Structures are given as C-alpha cells and as structure tokens.
Amino acid sequence: MSALAAPYPATSSSALTNPEKGLYFLHKGFTLKTEGTSWVPVATSEQSLLDTVRFAAKDNGKGVLSIRTDKVAKTASLELYTRKWMRDYPNYGFEVISAKSFELNGSPALVVDMLSRSKNKQIRQVILKNQDRVAIMTCLDDKASFSKSLQSCNQIMKSFSWNEEEKKPVAAPAAPAPTTPTTKQ
C-alpha cells in the first residue's frame, strides 16, 4: 500500500500548490489553472509591492503572464476603473489597439490589446471585477513570438473564476436571538 499525499498540508506536492489544479489562488478569492500548458509560476528577483504572481513557459520562452488583484469600491464599475489608467498607457509608450467588454465565467471582464513599438512588445490584459475586488491578468511577450505565448495565456486566463463565496453579495450579520433571563430558585 502506498500513500500519495504531501508530507504537510499545502506544501510541495499538495494539490493546493499545484498551479495546474487552480487552487493556488484560493486565498485570494479565485482559481486560475495552468492545466494543458507548460506554464508554471516563476520567482522574481524583485519584491513586488503589487503582490503579483508571474507565470512563464518551462522552456524559458520570453512570454510572461502576471496576475494581481486590487481592492476597489464596490460601487466602482469596471469601465470606470479601467478608464482611469487606460488614459495613461500612451504616456508609458503603449498604443491601445483594442478594448472590448465581455463575460468570463459569469463575471464582467474587459480585454485590452496593446503594442509598445519602441520596445517591440505586445500585451494583452484581461481585467475582471467582483464586489470590491479587481483581478488584472497581463500577457507580455516580444511582438514576433506573442501569438505563440498568447495561446497559453488565453487558455490560462479563460480558466479564471471567482470563488462562489466571493460572488455572493455580503449579507448583514444576523441579530442575536433574544434571550429570556432565567432565575434560580
């Protein structure tokens, strides 16, 4: 008889840390699967202030998919959130090629395609909003190899789903049941 479990929960060989299964981000309120791709999380030398996780192909291609989340006002629309920073992209050397709203696994989303001609890079961002959370997935590669990276990026991005608990509106806590005083006799 053999056992196939991690020596400690949520470590090394645990399903919780396997990016193919998509449970890697449960603590952030969503799932994202790399299943069917050769992409894995990669360590970065810089400490990210934005709590960004990056994925890249095992074959050391130049393509990268990053994902990060932000807190926003529940009342802010996805369009309002994205409009603010889309105006800034030209200042950073990016040309917005297209922007389109759609629905991804039951959540409103926006896909934005961009080019950086000076750096010869191409970018696709998918932005999703749920309650007071926004998830930003960014696929980046050299323009010449972008279409190859985009296949894996799109497959991973299509797997994104907010956890069911995250989708539910927050209910007000129930008032405690009235108690009747008891007396000892």
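The values are calculated or read from the model by the stated rules, or taken from the named source; none is laboratory data. Being a predicted model, the structure only gives us computed values, none of them experimental. Because the Cβ atoms are built from the backbone with ideal geometry, glycine has one as well, and the counts that use them run over all protein chains shown. Each accessible area value is taken on the protein alone, full model and side chains, heavy atoms only, with ligands, DNA and RNA left out. Shrake-Rupley method; radii C 1.70, N 1.55, O 1.52, S 1.80 Å.
Within the stretch 127-157, restricting attention to residues that are in contact with a Pro (Cβ under 8 Å, 6 or more places away or on another chain) and not in a loop (DSSP other than H, G, I, E, B), the residue that is farthest from A99 (Cα to Cα) is K129.
Please determine whether any residue of the stretch 80-97 is charged (D, E, K, R), assigned to a strand (DSSP E or B) and either in contact with an Asp or Glu (Cβ under 9 Å, 6 or more places away or on another chain) or crowded, with 16+ Cβ neighbours inside 10 Å (or both). Scanning the stretch 80-97, I find no residue that is charged (D, E, K, R), assigned to a strand (DSSP E or B) and either in contact with an Asp or Glu (Cβ under 9 Å, 6 or more places away or on another chain) or crowded, with 16+ Cβ neighbours inside 10 Å (or both), so the answer is no.
For the stretch 31-53, the candidate set comprises residues that are surrounded by 15 or more Cβ atoms within 10 Å (Cβ to Cβ) and modelled with pLDDT of 90 or more; within that set, the residue that is farthest from K71 (Cα to Cα) is T37.
Please work out if A144 is surrounded by fewer than 13 Cβ atoms within 10 Å (Cβ to Cβ) and within 25 Å of W39 (Cα to Cα).
On the way: surrounded by fewer than 13 Cβ atoms within 10 Å (Cβ to Cβ): yes; within 25 Å of W39 (Cα to Cα): yes.
In short, yes.
The set of residues in the stretch 57-73 being within 20 Å of Q122 (Cα to Cα) and among the β-branched types (V, I, T) consists of V64, I67.
Close Cβ contacts (under 8 Å, 6 or more residues apart or on different chains) running from residues in the stretch 101-122 that are over 16 Å from C153 (Cα atoms) and assigned to a strand (DSSP E or B) to residues that are open to solvent by 80 Å² or more (accessible area, probe 1.4 Å) and among the basic types (K, R) comprise L115/K143. The residues of the stretch 98-132 that are hydroxyl-bearing (S, T, Y) and either open to solvent by 40 Å² or more (accessible area, probe 1.4 Å) or over 24 Å from S161 (Cβ atoms) (or both), listed by number, are S98, S101, S116, S118. Within the stretch 152-185, if we keep just the residues that are open to solvent by 50 Å² or more (accessible area, probe 1.4 Å) and modelled with pLDDT of 95 or more, the residue that is farthest from the chain's Cα centre (by Cα) turns out to be Q155. Of all residue pairs spaced 6 or more apart or on separate chains, those with beta-carbon atoms under 8 Å, a first member in the stretch 63-88 that is within 30 Å of T37 (Cβ to Cβ) and touching a residue at least 12 places away in the same chain (Cβ under 8 Å) and a second member that is surrounded by fewer than 16 Cβ atoms within 10 Å (Cβ to Cβ) and of a type in the set (D, E, K, R) are G63/K148; R68/D51; T69/D51; K71/D132; V72/D132.
Scanning for something assigned to a strand (DSSP E or B), open to solvent by 90 Å² or more (accessible area, probe 1.4 Å), on the phi < 0 side of the Ramachandran plot and basic (K, R), does the stretch 62-71 turn up at least one residue? Yes, the stretch 62-71 contains a residue that is assigned to a strand (DSSP E or B), open to solvent by 90 Å² or more (accessible area, probe 1.4 Å), on the phi < 0 side of the Ramachandran plot and basic (K, R). Of the candidates A10, A6, the single residue that is outside any helix (DSSP H, G or I), in contact with a helix residue (DSSP H, G or I) (Cβ under 7 Å, 6 or more places away or on another chain) and either at pLDDT below 90 or not aliphatic (A, V, I, L, M) (or both) is A10.
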